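Coordinate-derived values only; no laboratory data. Owing to the predicted nature of the structure, the values given are computational and were not obtained by experimental measurement. Here the Cβ is made from the backbone with ideal geometry for all residues, glycine too, and neighbour counts use every protein chain on show.
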Amino acid sequence: MRHYPMSLSGSVKALSGVFTLLMVAVPVFTWFLIPGLALGGPQGPALEARWATLAAPLFALGVWAFSPKAIEIEGGELRILRRAWRAASYPLSRVEQAAVLPPQGLSGAMRLLGNGGLFGYTGWYYRRGLVRLYTTRRSGLVQVVVGGRRVVLSPDETERFIEGLLAVAPRARDAQPGEPGARSASRTS
């Protein structure tokens, strides 16, 4: 088994900490400083609004659970391990390419469905086609093409990860000049 940790960047840690504190503060503020707050009216039952505020910290907990923490290569699969959810898996037999993205490789990417900085950057983005992100920072990114789909990861040791992946992925190749991530490690045959 090959294991590659993915650490949170300082800015992601700061954003996540501030956001989590705010999400925990919402129910605390509501429960202790605004007694008797209720939603509803004469036509319908009143909802104790304080109970609804518990959704805020649950949202933060859910985003944390889905956030990536490491990459694992084992049993013919590339797995992205998450903090408290099942791993996302990709078969090594379908890995076509692995390359380091240039520093601005994802600049201008548009988030379609995902998370933009809370415990990482995850989900579906659009940048010259669909891209699946499992990253914990904005720099040191690796793009892996699996079955024609682009997956972007952020292992702490990018070169070691690429070398390890290319060593076990039978179809993997180097990035060609002009492709995103042209600086890549090659697999020795």
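Listed highest first by mean packing, meaning other Cβ atoms within 10 Å per residue, what order do 142-148, 152-158, 124-130 come in?
Values: 142-148: 19.0, 152-158: 21.1, 124-130: 13.0.
My ranking of the peptides, most packed first, is 152-158, 142-148, 124-130.
Please report the net charge: other residues with Cβ closer than 14 Å to the Cβ of residue 20, K and R +1, D and E -1.
After counting each charged neighbour, the total is +2.
Non-local amide H neighbours of residue 78 (under 5 Å, H modeled in plane, Pro and chain starts lacking H): which ones?
90, 92
Please list, in chain and number order, the residues 5+ apart from residue 101 or on another chain whose amide H is under 5 Å from its amide H, with Hs placed from the backbone.
HN-HN under 5 Å from residue 101: 141, 142, 143.
Whole-Hz Karplus ³J(HN,Hα) for the range 12-19, in order, using 6.51 cos²θ - 1.76 cosθ + 1.60 and θ = phi - 60°, x for Gly and Pro?
Here the 3J(HN,Hα) series is 5, 4, 5, 4, 5, x, 5, 4 Hz.
With θ set to phi - 60° and the Karplus curve 6.51 cos²θ - 1.76 cosθ + 1.60, what are the ³J(HN,Hα) couplings of the range 157-167 in order, to the nearest whole Hz, using x for Gly and Pro?
For the range 157-167, the Karplus-derived couplings read 10, 5, 5, 5, 5, 4, 4, x, 5, 5, 6 Hz, x marking Gly and Pro.
Can you list the residues, at least 5 places off or on another chain, whose amide H is less than 5 Å from the amide H of residue 83, using H built in the peptide plane?
Hits under the 5 Å cutoff: 67, 69.
Determine ³J(HN,Hα), in whole Hz, for all residues of the range 118-128 in sequence, where each value follows from phi through the Karplus function 6.51 cos²θ - 1.76 cosθ + 1.60 and θ = phi - 60°; x replaces Gly and Pro.
7, 6, x, 10, 9, x, 9, 10, 10, 8, 6
In a shell of Cβ-Cβ distance under 10 Å around residue 8, excluding residue 8 itself, what net charge do Lys and Arg (+1) and Asp and Glu (-1) give?
Numbers: positive: 13, 69, 137; negative: none.
Result for the neighbourhood of residue 8: +3.
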